[in-house]
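A.B. asks: Below you will find the structure I want to go over with you.
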Amino acid sequence: MDTASNYFLDDYWVSRGNKKLLNYVGPSLKENLPLADVKNFARKKGALCLMWNYDHDYTEEGPWHRCICDKPDYDISQIERKKVRYYIRCGLTKCTIRQIDFQWLADNGYNTYVNAASRYSNFTVETKEQFRERMLAYKNVPNSEAFGAFVDENLAAFLTVFIYGDSARNHKAHFDPAYSDFCPMYALYYQVAKHYLTEKGYKEFDRGELHLAHETNFDEFLLRMGYRKVYCRLGLYLAFPVRLILGAARIFRKNLKVMLPNRYYFILESLMSVQDIAAATKK
């Protein structure tokens with residue numbers, strides 16, 4: 001890319017939770033984004049918070065990371081734990097992994113999404129129409145793909161992927177806990193990583209950054225499957241009203257924990273954590 005402004009294409013930014021929070025999913029950034037360009041883009045989109053990762057693999061340990069698989073010959077034989085290899089084989093035997101289109105997901109994926117969301121206490125569930133609109137929007141994102149794990153003809157799990165250059169980025173993933181015994185996520189994350197790395201020749205399959213929006217230990221699951229953590233810096237823009245609210249929240253933190261509903265307090269805590277991480281990793 002020739003200029004920093006090229007990183008502000010609409011296709012490179014996706015909403016997280018609502019349209020006021022945008023996350024960068026475009027080509028990897030070596031340097032931080034210029035603040036003036038970030039502010040202009042935030043105003044254009046009406047966003048209050050923008051997040052992006054940059055300077056990937058800059059350290060061997062830190063507070064912010066992505067989880068990726070970047071083994072060009074990724075194969076089950078490379079996975080150290082015998083139990084994990086068993087679960088992958090179980091999933092591949094009991095599930096069918098295949099590519100699906102976003103129109104089909106828009107029409108058929110909502111129940112799987114809702115059942116997946118039931119596992120989290122701080123997750124805002126979309127309506128059926130909101131889910132449908134999101135899947136149809138993904139359909140228009142260049143180089144976007146989706147894969148599903150099926151038990152018979154039932155969708156047990158699915159994930160969406162955006163491709164940028166030589167990186168395949170996992171954007172969203174959901175699985176129905178009713179199908180846990182069929183090991184759909186083992187099969188799905190193994191087969192999709194293998195598809196992009198060994199069959200398609202991409203440099204990496206990127207699961208995404210550390211999650212703060214809801215409770216998860218998913219990275220530990222992927223590390224057991226041969227993925228690795230890539231430590232990077234976190235770029236963050238918060239509009240002035242948000243910074244003001246967070247400043248007050250830090251002062252009245254104990255009171256707010258008692259006064260606010262859990263979901264809203266969790267949002268404040270997540271934003272304060274992001275603010276701290278961005279400051280700690282700033283170049």
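Where a number appears in this text, it was derived from the coordinates with a stated rule and is not lab data. Here the structure is a predicted model, which is why all the values come from computation and not from measurement. Ideal geometry is used to build each Cβ from the backbone, glycine not excepted, and the neighbour counts take in all protein chains shown.
A.B. asks: Step through the table entries 45/282; 82/139; 94/139; 71/283; 83/203; 30/254, compare each Cα-Cα distance with 31 Å, and write down the pairs that go over it.
C.D. replies: 82/139; 30/254, as the Cα separations exceed 31 Å there.
A.B. asks: At 25 °C and 0.890 mPa s, grab the translational diffusion coefficient of the range 69-231 from Stokes-Einstein with a Kirkwood Rh over Cα pairs, rounded to a whole number in µm² per second.
C.D. replies: Working: Rh = 16.1 Å.
Value of D from the Cα-based Kirkwood radius: 152 µm²/s.
A.B. asks: Given a Förster distance of 22 Å, report the FRET efficiency between residue 89 and residue 198 from their Cβ-Cβ distance, rounded to the nearest 0.05.
C.D. replies: The value I calculate is 0.80.
A.B. asks: Please compute the net charge surrounding residue 239, taking Lys and Arg as +1 and Asp and Glu as -1 over other residues with Cβ under 10 Å from its Cβ. Spell out each step's value before the answer.
C.D. replies: Working: positive: 20, 39, 43, 243; negative: none.
Every neighbour counted, the sum reads +4.
A.B. asks: Taking +1 at the Cβ of each Lys and Arg and -1 at the Cβ of each Asp and Glu, which of 252, 135, 118 sits farthest along the dipole of the chain towards its positive end, judged by Cα position relative to the Cα centre?
C.D. replies: 252
A.B. asks: Sort 87-95, 57-65 by the packing proxy (mean of other Cβ within 10 Å over each peptide's residues), most packed first. Please list the in-between numbers first.
C.D. replies: Details: 87-95: 18.2, 57-65: 13.7.
In descending order of packing, they fall as 87-95, 57-65.
A.B. asks: What does the extension gain come out to for residue 82 and residue 164, with contour length at 0.36 nm per residue minus their alpha carbon separation?
C.D. replies: Working: separation 82, 0.36 × 82 = 29.52 nm, distance 3.35 nm.
Between residue 82 and residue 164, full extension yields an extra 26.2 nm.
A.B. asks: Alpha carbon centre of the range 161-178 versus the range 11-86: separation in Å?
C.D. replies: Value for the Cα centre distance between the two parts: 12 Å.
A.B. asks: Once phi is turned into ³J(HN,Hα) by the Karplus curve 6.51 cos²θ - 1.76 cosθ + 1.60 with θ = phi - 60°, what whole-Hz value does each residue of the range 160-172 show in order, with x for glycine and proline?
C.D. replies: Values per residue, Gly and Pro as x: 10, 9, 10, 10, 10, x, 9, 10, 9, 9, 6, 8, 9 Hz.
A.B. asks: In whole percent, what relative contact order does the chain give with Cα contacts below 8 Å and a gap of six or more residues? Could you put the intermediate results ahead of the total?
C.D. replies: Details: 459 pairs, mean separation 75.2, N = 283.
Taking the mean separation of contacting Cα pairs over the length of the chain, I get 27 percent.
A.B. asks: Ok, one more. Roughly how many nanometres apart are two label points built 7 Å out from the Cα toward the Cβ at residue 223 and residue 251?
C.D. replies: Result: 3.9 nm between the two label points.
A.B. asks: Using 0.36 nm per residue, how much length does the chain from residue 139 to residue 30 gain when fully extended, once their Cα-Cα distance is taken away?
C.D. replies: 36.4 nm
A.B. asks: Would you work out the charge dipole size for the range 69-231 about its Cα centre, treating the Cβ of every Lys and Arg as +1 and the Cβ of every Asp and Glu as -1, and quote it to the nearest 20 debye?
C.D. replies: 440 debye
A.B. asks: Also: How would you order 178-186, 127-135, 220-228 from highest to lowest mean count of nearby Cβ atoms within 10 Å?
C.D. replies: Ranked by mean Cβ neighbours within 10 Å, highest first: 178-186, 220-228, 127-135.
A.B. asks: Between residue 283 and residue 126, with labels modelled 7 Å along Cα→Cβ, what's the label distance in nm to one decimal, could you check?
C.D. replies: Going by the 7 Å Cα→Cβ label model, 3.2 nm.
A.B. asks: Using helices alone, I'd like the mean residue ellipticity at 222 nm for the chain: each DSSP H run of four-plus residues gives -39500 (n - 2.57), total over residue count, nearest 500.
C.D. replies: So the helix-based figure for the chain works out to -11500 deg cm²/dmol.
A.B. asks: Once the cut-off is 28 Å, how many percent of the Cα-Cα pairs in the chain end up in the long-distance tail?
C.D. replies: 39 percent
A.B. asks: Charges at C-beta only: +1 for Lys and Arg, -1 for Asp and Glu. How large is the resulting dipole of the chain about its Cα centre, in Debye rounded to 20?
C.D. replies: Here the chain has a charge dipole of around 880 debye.
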